[in-house]
Amino acid sequence: IEVLLLPQVIQRLDDEHSLLLAPFMLNSAELMTDLGYSAKVLTEGFNDKNIYPRTAPFNGETLKHVLLSVKPDSLVEWFNSDWNKLMKENAPGRTRQYILDGTEILIPKHLFDKYEGAGVVKNNQDETSFGYKVVWIQEIIDRKGVIRAMKFAPIQDHDLKIGKELVNDFDFEEGSLLLMDRGFLDGEWITHLKNVRKVDVCIPLRSN
């Protein structure tokens, strides 16, 4: 899973999304062997499972099947712990300026039972939505926003509740700056971040 995911993450950091641009690691049998993985050519040439002719470094279905075999919670935990530690120690251009934000991930009503851990919420207009709430901590790294940690919850959970849990487990360096909108406004919590964890907090004012 690390070998397959790492090149994908590296691509996204470089704003590249095509599988044609996957790093050399996936094509180097020597490097795969050095990493302790067994590489074998099953068929010569590029993958032949596409309807239309195209070349790709590996069959995209491979990544899908690997991810489907991984439990979501363990994947997020890996990202928030192991991957986050590597980013902290090795990423060039770090600023220690963070953004806390969140959004809803909607799913179709008729597929609700197929989505583990999804929730239901009704807004002020009496409209019902199904899905998840995700909150993330993003760091400005080399003029790009890079997600350093994230947390998923049922859609009815409030951003502030999820944000507090995520921030509580995140290893901020002393003197870090945390930027967030008014959805995370909580005076007691912000005071704790400032006085105990030594994190500066900025909540921008709206234009009105």
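The values are calculated or read from the model by the stated rules, or taken from the named source; none is laboratory data. The model shown is predicted, which means the values in this text are computed figures rather than measured ones. Heads up, the Cβs are rebuilt from the backbone with ideal geometry, glycines too, and the neighbour counts pull from every protein chain shown. We work out accessible area using only protein heavy atoms, side chains counted, and drop any ligands, DNA or RNA first. Shrake-Rupley method; radii C 1.70, N 1.55, O 1.52, S 1.80 Å.
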Judged on accessible area alone, 1.4 Å probe, highest first, TYR115, TYR132, TYR98 line up as TYR115, TYR132, TYR98
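Leaving out ligands, DNA and RNA, and with a 1.4 Å probe, what % of the accessible surface on the stretch 123-208 is carbon or sulfur? Present the calculation step by step, with values, prior to reporting the outcome.
Details: 2450 of 5100 Å².
Roughly 48 percent, rounded to a whole number.
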Taking only the alpha-carbon positions of the stretch 73-208 as identical scatterers, the Debye log10 I(q)/I(0) at q = 0.09, 0.15, 0.22 Å⁻¹ comes out as -0.31, -0.81, -1.35
Counting only DSSP beta bridges with both partners in the stretch 62-208, the antiparallel fraction in percent, to the nearest 5, comes to 75 percent
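Once the other residues with Cβ under 13 Å from the Cβ of THR128 are scored (Lys, Arg +1; Asp, Glu -1), what is the net sum?
Details: positive: LYS109, LYS122; negative: GLU104, ASP126, GLU127.
Charge balance near THR128 sits at -1.
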Taking every other residue with Cβ under 14 Å from the Cβ of ARG182 and scoring Lys and Arg +1, Asp and Glu -1, one gets -3
Here the alpha-carbon Rg of the stretch 112-181 over 2.2 N^0.38 Å rounds to 1.35
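Output the relative contact order of the stretch 159-208, whole-number percent, from Cα pairs under 8 angstrom with separation of 6+ residues. Intermediate results must be reported in sequence, preceding the final value.
Details: 44 pairs, mean separation 21.1, N = 50.
Relative contact order for the stretch 159-208 comes out at 42 percent.
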